[in-house]
Amino acid sequence: MAQSISCGENYTIAAGDSLSGIAADVYGSASAFQLIYSANVDTIGPNPGLISRGQVIYIPCRNGSTTSQANDTLIRKITTTEQLDGPADVAVRVVTATDWAPYFDESQAQGGMVTELTNVALASATGSPAYKIDFINDWGSHLQPLLTDHAYDFATAWYEPPCELIDQLGDDAKFRCNNFEWADPMFEILLGYFGRAGEPLPATHAELVGKSICRPDGYETFVLEEDGLVEPAISFGQEGLITGCMAGLLDGTYDVVVIAVDPGQGAVLELGAQDDIMLNEQLTKVLNLSPVIAKSNPHREELLAIMNSGIAAIKSDGQWFEIVNRHLSAHRAQTQ
């Protein structure tokens, strides 16, 4: 007999189940599977596409009704033509940027989900350190020179390359492996592979050889390099925006767009292409999104201990999932 699936309860995985199918049954939206995965990442493991019959997972309710506990006065927002005071003695300096909803966006409450997670984590960290979070909307400047010159301690948050595979990575990933260190994961991003609806879906990353693949300009390419998806094995293209890649998918310029699931689905909605572009769940994989610090920072070990203590605190007391639930629920409501 088929099980009923209700939010707020445990569910035992049955043969033929997928997270997107469960999300469609519970929430009416297959794309909401990120919420279920985030609530069960320790049970499911690093691949949300690999769930096993008999696993017991928790189905969270997608109400997002909690109130933020973050102190948004610590996100610097003031614009002025007047002379500013000199910098205060801030123990932990964090830089982030906008235009990557729902994770980082100045127009969102608390600056987006990961900005709020960073804010609350530092407020919960051992020793209650002073801290400040700045939006500098030039992602390319964050690692170098802002971190390498120690203008900021952390950039939040960035993917950690598979540095154990450094010999097969490109120059950008090698630079990151050799010059930066990552704190504990702040959030597990689902990296999506989007294709045209109605066309056969590759079952493995190796089947993407010979395809034309797009990543937005400035985005990490190690996510392709670690699977051997480099030229000439593939044709690689870049566009200035996620929507540019998706438009290229629609007109046949590209066969695949590789982008985080949530921003990718937002771009599909913006183009009105929900019936024309689909996510290939078989290839979806997890990337850890973590605060990053320069190895040359003279206080690196102390600062990492502070950040990691805060991340551990909000994951153990439930604040982490409350924040994730609230932001993902709001994002789903806007993009469905």
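Quick notes on this one:
- Förster-model FRET efficiency, 41 Å R0, residue 73 and residue 276, C-beta, rounded to 0.05: 0.40
- Structural size metrics of the chain, computed from C-alpha coordinates, are Rg and Dmax of 20.2, 71 Å.
- Extension gain from residue 56 to residue 296, taking 0.36 nm per residue of separation minus the Cα-Cα distance: 82.0 nm
- Per-residue 3J(HN,Hα) values for segment 273-286, derived from phi via the Karplus relation 6.51 cos²θ - 1.76 cosθ + 1.60 with θ = phi - 60°, read 10, 4, 8, 10, 10, 9, 8, 8, 5, 5, 9, 4, 9, 9 Hz in sequence order (x marks Gly and Pro).
- All C-alpha pair distances within segment 122-178, sorted into 10 Å bins from zero, spread as 19, 40, 31, 10, 0 percent across the bins.
- The accessible area of residue 172, taken with all protein chains in place and a 1.4 Å probe, comes to roughly 80 Å².
- For segment 114-242, the alpha carbon convex hull comes to 148 Å³ per residue, rounded to a whole number.
- On segment 208-336, 48 percent of the accessible area sits on carbon and sulfur atoms, based on a 1.4 Å probe.
- A 1.4 Å probe run over the chain, with the rest of the protein chains in place, finds 45 Å² accessible per residue.
- Listed residue (234, 20, 168) projecting farthest to the positive dipole end of the chain, Cβ model: 20
- When a 1.4 Å probe is rolled over the protein heavy atoms, the share of accessible surface on segment 167-207 that falls to carbon and sulfur comes to 45 percent.
- Across the chain, Cα pairs under 8 Å and at least six residues apart give a relative contact order of 23 percent.
- Relative to one another, the C-alpha centroids of segment 148-199 and segment 271-308 are positioned 6 Å apart.
- Principal axis extents of the Cα atoms in segment 256-336, from largest to smallest and rounded to whole angstrom, are 51, 30, 23.
- Evaluated over segment 199-278, the Cα radius of gyration and Dmax, each in Å: 12.0, 33
- Taking Cα centre as origin and charging only the Cβ of basic (Lys, Arg, +1) and acidic (Asp, Glu, -1) residues, the dipole magnitude of segment 94-189 rounds to 220 debye.
The values are calculated or read from the model by the stated rules, or taken from the named source; none is laboratory data. This is a predicted model, so every value here is computed, not measured. Counting neighbours? That spans all protein chains shown, and the Cβs are built from the backbone with ideal geometry, glycine included. Only protein heavy atoms, including side chains, enter the accessible area calculation; ligands, DNA and RNA are left aside. Shrake-Rupley method; radii C 1.70, N 1.55, O 1.52, S 1.80 Å.
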